[in-house]
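Engineer: Encoded as structure tokens, here's the structure I'll be asking about.
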Amino acid sequence: MRIRPMVMAISRLAATAAGIYLLSGAGLSDTSRAQDYAASVTTTPIQHLVVIFQENVSFDHYFGTYPDALNPPSEQFFHASDDTPSVNGLGRLVEGAPDGVLLTDNPNRNNPGNASNAINPFRLSPSQAATCDQDHNYGHEQQAFDQGLMDLFPATVGVGSCKQPYDWGKSQGLVMGYFDGNTVTALWNYAQNYAMSDNSFGTTFGPSTPGLLNLIAGNTYPATPSASMPRSCRTTPDRVHWSATSTRQAMFARREQRCSWVEKISAICSTHLP
């Protein structure tokens, strides 16, 4: 992975500046320090943090070969900036050919437990943008991880629900498919301008609702599915009943009602009590 040399230079500059500030600041009065602080306070403080995520899609599914796109003549062209660092993905493309052990000798390809679906990762084209949903049940995802070997994905989470032709002839091997910048061009363009979370790891298994709870509260216990929800929030089967103070207190220390918006703009409403 390439690391921009500018990072080291900035770190050294910051350390030098901090030392200068400590030396020069020793002689400043409290009034001067207060004025300096007031001048440094942002005029647009952060009031809301919005986290947008898509259910049931891995980093590698969208960015597996970033920043290398295949760029066939008939598809939307993508070219990354020359100083784009690589990511911790599946691998790279060298003159259009997959390069890297996860692309060419993937453990899912080598595990006989995947039977006929034991295949290497493969590229999905723009004409294959619509795909079957993958199984994302709690237990099945743990089985796919196979005690850290990460080699049972086709066998356990290959296709959760599917209508032909949206498995694109791969059956449960569809889980090994990935897009590149010729299909998810907008996302790759965003990646050219914003930080990438290629080494962000979750601490829970399962679908979006447990993931959302875990993101905010740090755990999912003991929230359980429930139909006893406010009528205005009954827009999906994903209804959650908050039944313990541990989760509630971890999320909010005061009484208020929040709606968390997830996939397909569906609402999950809950009341958090102190």
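Engineer: Through the Karplus equation 6.51 cos²θ - 1.76 cosθ + 1.60, θ set to phi - 60°, convert the phi angles of region 96-103 into ³J(HN,Hα) values in whole Hz; use x for Gly and Pro.
Structural biologist: Using θ = phi - 60°, the values come out as x, 9, x, 9, x, 4, 6, 8 Hz.
Engineer: For region 69-221, what does the accessible surface come to per residue with a 1.4 Å probe? Please give it in Å².
Structural biologist: That works out to 56 Å² for each residue.
Engineer: For ILE216 and SER74, what does the FRET efficiency come to when R0 = 35 Å and r is the distance between their Cβ atoms, rounded to the nearest 0.05?
Structural biologist: The computed FRET efficiency comes out at 0.20.
Engineer: Can I ask one more? In terms of modelled amide H atoms, which long-range or inter-chain residues lie less than 5 Å from the amide H of LEU70?
Structural biologist: Close amide H contacts, sequence-distant or interchain: GLY181, ASN182.
Engineer: Convex hull over the Cα atoms of region 40-118, averaged projected area in nm²?
Structural biologist: 10.1
Engineer: Using a Förster distance of 30 Å, how high is the FRET efficiency between TYR194 and THR43, based on the Cβ-Cβ distance and rounded to 0.05?
Structural biologist: Once rounded, the FRET efficiency stands at 0.85.
Engineer: Something else: Would you mind checking which residues have amide H under 5 Å from GLY177's amide H? H placed 1.01 Å from N; only 5 or more apart, or other chain.
Structural biologist: Correct list: PHE122.
Engineer: If you don't mind, there's one more thing I want to ask. Give the peptides 173-186, 89-102, 190-203 in descending order of average Cβ contacts within 10 Å, highest first.
Structural biologist: Numbers: 173-186: 22.4, 89-102: 15.3, 190-203: 10.6.
Ranking the peptides 173-186, 89-102, 190-203 by packing returns 173-186, 89-102, 190-203.
Engineer: Please list 3J(HN,Hα) in residue order for region 156-166, calculated via the Karplus relation 6.51 cos²θ - 1.76 cosθ + 1.60 where θ = phi - 60°; whole Hz, with x for glycine and proline.
Structural biologist: Working through the residues one at a time gives 10, 10, x, 9, x, 8, 7, 10, 4, x, 7 Hz.
Engineer: For a quick protection proxy, order the peptides 60-70, 118-128 by their average other-Cβ count within 10 Å, most packed first.
Structural biologist: In decreasing order of mean packing, 60-70, 118-128 become 60-70, 118-128.
Engineer: If you find the alpha carbon centre of region 169-224 and of region 84-138, how far apart are they in angstrom?
Structural biologist: Answer, in whole Å: 15.
Engineer: Under a 1.4 angstrom probe, counting protein chains only, how are THR84, THR42 ranked by accessible area, largest first?
Structural biologist: THR42, THR84
The values are calculated or read from the model by the stated rules, or taken from the named source; none is laboratory data. Predicted, not measured: the structure shown is a model, and the values here were computed from it. Positions of Cβ are backbone-derived with ideal geometry, glycine not excepted, and every protein chain shown enters the neighbour counts. The accessibility values were calculated without ligands, DNA or RNA, using every heavy atom of the protein model including side chains. Shrake-Rupley method; radii C 1.70, N 1.55, O 1.52, S 1.80 Å.
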